[in-house]
Amino acid sequence: MTAVALLLGLLIDHFVGEAKRWHPLVGFGNAASTLEKAVNPSSGTHGKLRGLICWALMVLIPVMAMSLLVSQLSGLALVVVNALVVYFVVGLKSLAEHGGNVAVPLLAGDLPAARQQIAMMVSRDTANLNEQQVASATCESVLENGSDAIFAALFWFCLLGAPGAILYRGANTLDAMWGYKIDRYGRFGWAAARIDDVLNWLPARLTALSYGLVGNFSSGLKCARQQGGLTDSPNAGYVMAAGAGALGISMGGAAIYHGEEHQRPVFGVGPVAEARDIDRAIALVQRTSVLWVVLALAFYGLPML
């Protein structure tokens, strides 16, 4: 039933897209923000412990509630609940739409509009990016979020069912909110950042392998092996390097964050990413999702409901 629920969840995402209202992750994010503001003084020696306790409250309670719910279900009801969980934790169509929203004006020569759209996807300063920098940033975001927003969630769903998917999505959301290395979150967000690194370690490497399997295999794996460890993150470099290598493009390099230039590694091999490569990056992620569904169906089969 795991494979059936996975397939149904992705089909719902494909035909319905991201929920515009009453999305559980919006409520989760609002609750996390309220909790952090209430207990995080942005300084102090106990910041790490407070962050860990808040992480446990925000993540483990929903996980336990979902575990209790699915333990009471069977048959079609269980498949429906699992499919809905997959739908809410995976953002395949949303990722493709965000990437397309940058590609369309960029291909039309409307750089200001493309800059506005990429600003919704990345944390770097985008006001002065040129065409190639916008294309590169978009490809990076699509490939990295393919792992973070899609395949890692699917991995934990396949491994631990709906509770596993909720565990991962909650942890990943808290990392996105609390994991920044700035004064306010430096200690409080330590646990959220480290736990997310652990939960993403294996899925990121499986995603890198998958990018190679559905793209240029030898180039993708070579780039992942040689460039994957060049980032501070233990996971992001492998995903972006493998994706860039699989596409036969280069991306990365210097970027400005909060007014300061940061020297970042260059990933991949070949010409620098261009506007047309955004759709190719999206297609790579989509082919990888098909691969994962096929593998899940082959492993779990199609049981009678």
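Read-outs: derived from the displayed coordinates by stated rules, not from any lab. This one's a predicted model, so the numbers in the text were calculated from it and none came from an experiment. Using ideal geometry, Cβ is built from the backbone for each residue, glycine included, and neighbour counts are taken over all protein chains shown.
Here are some notes:
- Computed [θ] at 222 nm, helices only, for the chain once each DSSP H run of length n ≥ 4 contributes -39500 (n - 2.57): -23500 deg cm²/dmol
- Using the Cα coordinates of the range 17-146, the gyration tensor eigenvalues translate into equivalent-ellipsoid semi-axes of 35, 25, 11 Å, sorted from longest to shortest.
- Applying D = kT/(6 pi eta Rh) to the range 1-68, where Rh is the Kirkwood radius over alpha-carbon pairs, T corresponds to 37 °C and eta to 0.692 mPa s, the Stokes-Einstein value obtained is 223 µm²/s.
- The packing ranking of peptides 72-78, 256-262, 10-16, highest mean first, is 10-16, 72-78, 256-262, where packing means the average number of other beta carbon atoms within 10 angstrom of each residue.
- Check: the chain dipole with +1 on Lys, Arg Cβ and -1 on Asp, Glu Cβ, in debye: 560 debye
- Projecting the Cα positions of 133, 214, 72 onto the charge dipole of the chain (unit charges on Cβ atoms of Lys, Arg, Asp and Glu, taken about the Cα centre) puts 72 furthest along the positive direction.
- The phi torsions of the range 87-101, fed into the Karplus equation with coefficients 6.51, -1.76 and 1.60 and a -60° offset, translate into couplings of 4, 7, 9, 10, x, 5, 5, 4, 4, 5, 5, 4, x, x, 5 Hz, rounded to whole numbers, with Gly and Pro shown as x.
- Across the range 22-28, coupling constants 3J(HN,Hα) worked out from phi with the 6.51/-1.76/1.60 Karplus curve, θ = phi - 60°, read 6, 6, x, 5, 5, x, 4 Hz, and Gly and Pro carry x.
- Mean separation of Cα contacts under 8 Å, 6 or more apart, over the residue count of the range 103-217: relative contact order %: 17 percent
- Other-chain or far-sequence residues with amide H under 5 Å of residue 266's (modelled H): 253
- Proximal aspartates and glutamates relative to residue 20, as straight alpha-carbon distance under 18 Å, when same-chain residues fewer than 8 apart are discounted: 97
- Sites matching trypsin sites (Lys or Arg not before Pro) across the range 109-200 that sit in DSSP coil, with at most 14 neighbouring C-beta atoms within 10 Å: 181
- In a DSSP loop and with at most 15 other Cβ atoms within 10 Å, the chymotrypsin sites (Phe, Trp or Tyr not before Pro) in the range 22-112 are 22.
- Hull volume per residue, based on the alpha-carbon atoms of the range 200-265 and their convex hull, is 76 Å³.
- Annotation note: trypsin sites (Lys or Arg not before Pro) in the range 11-112 located in DSSP loop regions with a Cβ neighbour count of at most 15 within 10 Å are 20, 21.
- About its Cα centre, the dipole of the range 2-149 is roughly 500 debye, where the only charges are +1 on Lys and Arg Cβ and -1 on Asp and Glu Cβ.
- Counting Cα-Cα pairs of the chain in 20 Å increments starting at 0 gives whole-percent bin shares of 32, 59, 9.
- Projecting the Cα atoms of 108, 95, 300 onto the dipole axis of the chain, where Lys and Arg carry +1 and Asp and Glu carry -1 at the beta carbon, places 300 farthest toward the positive end.
- Note on the range 189-282: with charges restricted to the Cβ of Lys and Arg (+1) and Asp and Glu (-1), its dipole about the Cα centre is near 360 debye.
- With a cut-off of 11 Å between beta carbons, the residues surrounding residue 104 carry a summed charge of -3, where Lys and Arg count +1 and Asp and Glu -1.
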